[in-house]
Amino acid sequence: MGPTVVFRPDSSRVYAVICWVVAAGVLVAFAVNGGIGELVRYGALPLAVAAFGWAVFWQPFVEVGPDGVTLANVMRTVVVPWGAIDAVDTHWGVRLRTAAGAFGAWAAPARAGFGRSRSRREAENLPDRLFRGNGTVSASGDAAAVGSVIEDRLGRRDRLARTGARGTGPTPRARVNIPEVLALGVTVALAVVSLVAPV
């Protein structure tokens with residue numbers, strides 16, 4: 001079936017680093033300007049920005065593996081077995097259509113406007129390492145690139161099914177991303193408390 005391909009958009013990684021740099025800068029400014037008291041009082045604000053960068057921009061990915069597609073989004077991760085995928089839509093981002101509903105991927109956005117036609121051209125010329133070989137391959141890609149790899153695997157699976165091979169079962173499985181939810185919830189709650197608490 002080909003290697004396991006893990007897609008993470010490069011732009012999201014850049015946004016995450018920007019969040020962390022801003023958060024670190026604000027923490028340093030609090031410590032320099034107001035000392036430990038200001039750092040303790042308002043430090044939750046930049047920590048919330050750092051947690052946002054990690055949960056929203058750094059963590060999400062799409063994994064195209066031997067058993068199906070894993071969509072790791074901000075709040076939950078959905079594992080969609082190959083046998084459950086009815087169609088792949090890449091117009092507004094990657095969406096996998098199944099009998100249980102449609103599941104979108106935060107880590108595979110679609111390009112808008114003029115970038116859309118360029119995206120399609122790039123998706124027609126993806127490197128062979130995404131389709132051939134074994135092991136795990138990391139890649140950056142938009143909806144068109146991710147959709148092309150998924151559709152290629154679906155086509156191969158269908159050809160194998162005609163020769164007697166079987167899929168892994170038709171039910172998508174979802175789970176809450178507890179570390180991300182906790183990091184966002186706790187830091188945002190602390191930030192709100194620091195803003196509304198009396199001085």
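Observations, loosely collected:
- Between residue 89 and residue 196, the modelled label-to-label distance comes to 3.8 nm, taking each label 7 Å out from Cα in the direction of the beta carbon.
- Where labels lie 7 Å past Cα in the beta-carbon direction, separation of residue 24 and residue 140 in nm: 1.9 nm
- Nearest-0.05 FRET efficiency for residue 124 and residue 171, computed from C-beta distance (R0 35 Å): 0.60
- Per-residue ellipticity at 222 nm computed for the chain from its helices equals -15500 deg cm²/dmol, with DSSP H segments shorter than 4 residues left out and the rest contributing -39,500 (n - 2.57).
- Area accessible to solvent at residue 52, 1.4 Å probe radius, in Å²: 90 Å²
- By accessible area, using a 1.4 Å probe on protein heavy atoms only, the chain has 62% of its surface on carbon and sulfur.
- Taking a Cβ cut-off of under 9 Å around residue 78, the surrounding Lys, Arg, Asp and Glu residues balance to a net charge of +3, with basic ones at +1 and acidic ones at -1.
- The chain: DSSP helices with Cα axial extent of at least 30 Å and average Kyte-Doolittle hydropathy no lower than 0.0: 10-42
- Solvent-accessible area per residue, Å², over region 77-154 with all protein chains present [probe radius 1.4 Å]: 51 Å²
- For residue 98, nonlocal amide neighbours, meaning residues 5 or more places apart or on other chains whose placed amide H falls under 5 Å from its own, are 86, 103.
The values are calculated or read from the model by the stated rules, or taken from the named source; none is laboratory data. Computed from a predicted model, the values in this text were never measured in an experiment. No Cβ is skipped: glycine too gets one built from the backbone with ideal geometry, and neighbour counts run over all protein chains shown. When the accessible area is computed, the model is the full protein with side chains, heavy atoms only, and any ligands, DNA or RNA have been set aside. Shrake-Rupley method; radii C 1.70, N 1.55, O 1.52, S 1.80 Å.
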